[in-house]
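Asks: Dumping the structure here so I can ask a few things about it.
Computed from the coordinates by the stated procedures, all read-outs in this text should not be read as laboratory data. Predicted model, so just to flag it, every value in this text is computed and none were measured. Here Cβ is always computed from backbone atoms with ideal geometry, including for glycine, and neighbour counts include all displayed protein chains.
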């Protein structure tokens with residue numbers, strides 16, 4: 001079994017002792033011992049803080065796993081326990097193979113050494129000989145791409161330069177397990193792209209990757225499975241797409257609770273309205289597993305249509321993509337936005353747009369066009385919105401996510417999600433190879449001159 005498993009985490013927990021005052025630490029070291037000797041009741045001078053509690057999972061060799069969660073959820077603690085820089089309070093971690101980790105900027109670097117010297121220092125910490133580093137140095141320097149700064153002390157580096165060099169060393173030694181904790185967020189877009197490409201190559205070559213990021217689409221596309229942590233405990237574990245949806249649902253729940261606590265006193269009438277709303281469990285039109293929101297207005301159907309308004313799920317470039325979103329309201333409400341997001345089968349977001357985008361353009365231009373945002377919906381009303389666009393997408397299978405939200409201002413700055421649905425509909429784009437063809441995710445309608 002161990003030949004197939006790279007990382008095994010069993011009932012892992014980490015507890016910290018929190019002292020209100022420095023002298024309490026000294027008291028804890030002395031007084032409880034005296035109390036035990038005298039048979040007195042033992043007093044504790046600290047509070048327990050469990051940064052991680054009862055986490056268990058396995059990662060197979062060559063698998064890419066994402067770890068997501070809000071700040072303070074225990075992600076970094078988990079990674080430090082896996083790398084061995086922290087000792088667990090309870091539970092065990094078993095790893096197989098060489099581990100390379102990017103947990104903190106500049107970890108393992110001597111600030112007074114030059115970048116070149118730190119390459120060799122980091123290599124030694126990873127168990128790589130100077131001869132092996134000599135062979136790989138040109139590749140490391142090329143990937144880091146920091147030019148003449150390579151021979152300057154790293155204390156003069158920017159955070160971006162520091163992570164460039166650290167990442168270049170870690171990936172060039174071709175570890176069995178690579179752990180990345182948000183470090184790439186400080187790099188520029190081009191460097192991040194190169195890092196992701198390198199990680200994908202390492203995974204294809206059999207490297208196991210643990211990847212922590214707040215960028216949901218990166219987790220969805222770069223990893224096979226994911227772990228969601230909340231308050232140090234596992235909230236979800238499974239396919240990355242399912243876990244990312246659960247993360248969005250968690251963020252929505254916390255945002256709703258936060259906003260409700262702020263506006264509770266100032267919005268008495270609205271709070272009464274909220275209390276009268278049905279929960280999403282009352283709606284059976286679309287899978288509750290794939291949806292979340294405050295309710296009140298729900299999406300009951302999403303359908304792709306042809307030019308003749310007939311059901312259609314196959315399109316060719318040049319045709320019109322028509323998406324019908326059907327909603328039902330149980331409350332009286334205005335300031336609505338009906339929107340969709342389109343993703344390809346690789347999980348990449350291709351496009352997002354809603355009625356509010358059209359309204360914003362009309363407001364900005366001074367147009368007298370009627371705004372959907374101004375439309376008042378009555379209780380019991382069912383309504384449809386049809387979104388249309390030329391189908392300029394590349395050949396692929398696409399998922400439609402649908403949403404209806406309340407926008408307090410017509411600018412996406414004060415949004416409350418009423419209903420969001422993943423996998424609301426699917427469609428496929430195909431090519432007529434003998435008539436019109438292009439490659440990529442979108443048709444730029446390019447022409448040629450000579």
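Asks: Using Cα centres only, tell me the gap between region 363-383 and region 117-135 in whole Å.
Replies: 64
Asks: Give me the angle, in degrees from 0 to 90, between the Cα long axis of helix 22-38 and the longest principal axis of the Cα atoms of the chain, rounded to the nearest 10.
Replies: 60
Asks: Can you figure out the FRET efficiency of residue 386 with residue 110, using R₀ = 45 Å and their beta-carbon distance, to the nearest 0.05?
Replies: Values: r = 63 Å, r/R0 = 1.39.
Here the calculated transfer efficiency is 0.10.
Asks: If each of residue 231 and residue 151 carries a label point 7 Å out from its Cα toward its Cβ, how far apart are those two points in nm?
Replies: 5.7
Asks: If you average the C-alpha positions of region 314-358 and of region 16-55 separately, how far apart do those two centres end up, in angstrom?
Replies: Answer, in whole Å: 56.
Asks: Using r as the Cβ-Cβ distance of residue 314 and residue 224, and R0 as 30 Å, what FRET efficiency do you calculate, to the nearest 0.05?
Replies: Numbers: r = 29 Å, r/R0 = 0.96.
Computed FRET efficiency for residue 314 and residue 224: 0.55.
Asks: So what's the gap between the Cα centers of region 149-166 and region 63-78, to the nearest angstrom?
Replies: Region 149-166 and region 63-78 have Cα centres separated by 26 Å.
Asks: Please state, rounded to one decimal and in Å, the Kirkwood hydrodynamic radius that region 120-178 gives when every pair of distinct Cα atoms enters the mean of 1/r.
Replies: Working: mean 1/r = 0.0849 Å⁻¹.
Result for region 120-178, one decimal place: 11.8 Å.
Asks: Rounding to the nearest 10 and keeping the result within 0 to 90°, find how far the Cα-based axis of helix 189-204 lies from the longest principal axis of the chain.
Replies: Helix 189-204 and the main axis of the chain meet at about 70 degrees.
Asks: What share of all Cα pairs of region 5-242, in percent, falls into each consecutive 10 Å distance bin?
Replies: It works out to 7, 28, 30, 20, 10, 4, 1, in whole percents.
Asks: To the nearest 10 degrees, how steeply does helix 159-172 sit against the main Cα axis of the chain, on a 0 to 90 scale?
Replies: Between the helix axis and the principal axis of the chain, the angle is about 80 degrees.
Asks: Under the rule of -39500 (n - 2.57) per DSSP H run of 4 or more residues, summed and divided by the residues of the chain, what mean residue ellipticity at 222 nm is obtained, to the nearest 500 deg cm²/dmol? Kindly include the intermediate steps, with their values, before the conclusion.
Replies: Numbers: 10 runs with 132 residues, N = 450.
Computed mean residue ellipticity for the chain: -9500 deg cm²/dmol.
Asks: Separate question: Where the eigenvalues come from the Cα gyration tensor of region 356-450, what are the semi-axes √(5λ) of the equivalent ellipsoid, largest first, in whole Å?
Replies: Numbers: eigenvalues 230, 79, 30 Å².
Here the semi-axes work out to 34, 20, 12 Å.
Asks: Given R₀ = 22 Å, FRET efficiency for residue 345-residue 58 by Cβ-Cβ distance, to 0.05? Mind dumping the intermediate values first?
Replies: Numbers: r = 27 Å, r/R0 = 1.22.
My answer for the efficiency is 0.25.
Asks: Here is a follow-up. Based on the Cα atoms of the chain, what semi-axes does the equivalent ellipsoid have, where each is the square root of 5 times one gyration tensor eigenvalue, given in whole Å with the largest first?
Replies: Details: eigenvalues 420, 232, 83 Å².
Listed largest to smallest, the semi-axes of the chain are 46, 34, 20 Å.
Asks: Normalised by the number of residues in the chain, what is the relative contact order in percent for Cα pairs under 8 Å and 6+ residues apart?
Replies: Once normalised by length, the contact order is 13 percent.
Asks: Still on this structure, I have one more. What relative contact order, as a whole-number percentage, does region 50-172 give when Cα pairs under 8 Å and 6 or more residues apart are counted? Show your work: numbers first, answer last.
Replies: Numbers: 107 pairs, mean separation 29.2, N = 123.
Taking the mean separation of contacting Cα pairs over the length of region 50-172, I get 24 percent.
Asks: Region 1-112: Rg/Rh from Cα coordinates, Kirkwood Rh? Let's see the in-between values first.
Replies: Numbers: Rg = 18.6 Å, Rh = 16.9 Å.
Checking Rg against Rh, the ratio lands at 1.10.
Asks: Would you mind calculating the gained length between residue 33 and residue 5 on full extension (0.36 nm times residue separation, minus the Cα-Cα distance), in nm to one decimal?
Replies: Taking 0.36 nm per residue and subtracting the Cα distance, the gain is 5.8 nm.
Asks: Further question on the same structure: Only residues of region 195-209 count here: report those whose backbone N is under 16 Å from the spot 7 Å along Cα→Cβ of residue 446, or say none.
Replies: Under cut-off, by backbone N: nothing.
Asks: Where Rh is the Kirkwood radius over the Cα pairs of region 398-439, the temperature 10 °C and the viscosity 1.306 mPa s, what D in µm²/s does Stokes-Einstein return?
Replies: Taking Rh from Cα pairs, D becomes 119 µm²/s.
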